[in-house]
Amino acid sequence: MRINLVYILLIIDLLLLTTELSAQSLKTDTVQVGESRLSINLPLRRKKNITNYEEGIFIDYIFKNGAIITLFSGSNQKLPLLDKEKGYFPTIKKEVKHGISTMGMLDGKYWREDSCDCIRILYDNVGSEERRIFDYILDSIHIIKE
């Protein structure tokens, strides 16, 4: 009985997150990434981690379902961030509004990495039901060079 209740609560939590993502209840976050200022529309239920190092910055937005969006600018970092050595094999490469985008799947989850000058923008560990909203988030990023 207790296990059933746990499963029910997990399903409700997943449904709430999926509903929030699909309902596009997004809030704009504006951040400084290297020499540029980025505006990104994100779902409300997320955690933000900022990691500065001597030559750059990583900004991670982590979601309850395990998906992640990362903004990166800096040097002394192997590129692409999602590389073949880690199992990321691109299946699609195309031009997007702010640069070049590579996409693929790893372990049944979608990933995408965009490069624009010296900025990397990516999502990883995204399920098929949320892929559309994560593509929208990356496609709608505004980059202002300062």
Sorting Val126, Val33 on the 10 Å Cβ count, fewest up front, what's the list? Val33, Val126
May I ask you to evaluate 6.51 cos²θ - 1.76 cosθ + 1.60, the Karplus curve with θ = phi - 60°, for each residue of segment 99-114 and list the ³J(HN,Hα) values in order in whole Hz, giving x for glycine and proline? x, 10, 10, 10, 9, x, 10, 9, 6, x, 10, 8, 9, 8, 10, 10
Greater than 20 Å separation of Cα atoms is the criterion. Which listed pairs, Lys94/Lys145; Lys47/Lys94; Lys86/Lys109, meet it? Lys94/Lys145; Lys47/Lys94
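Values in this text are rule-based calculations from the coordinates and carry no lab data. Because the structure is a prediction, the values reported are computed rather than measured. As a convention, Cβ positions derive from the backbone with ideal geometry for all residues, glycine included, and neighbour counts pool all protein chains shown.
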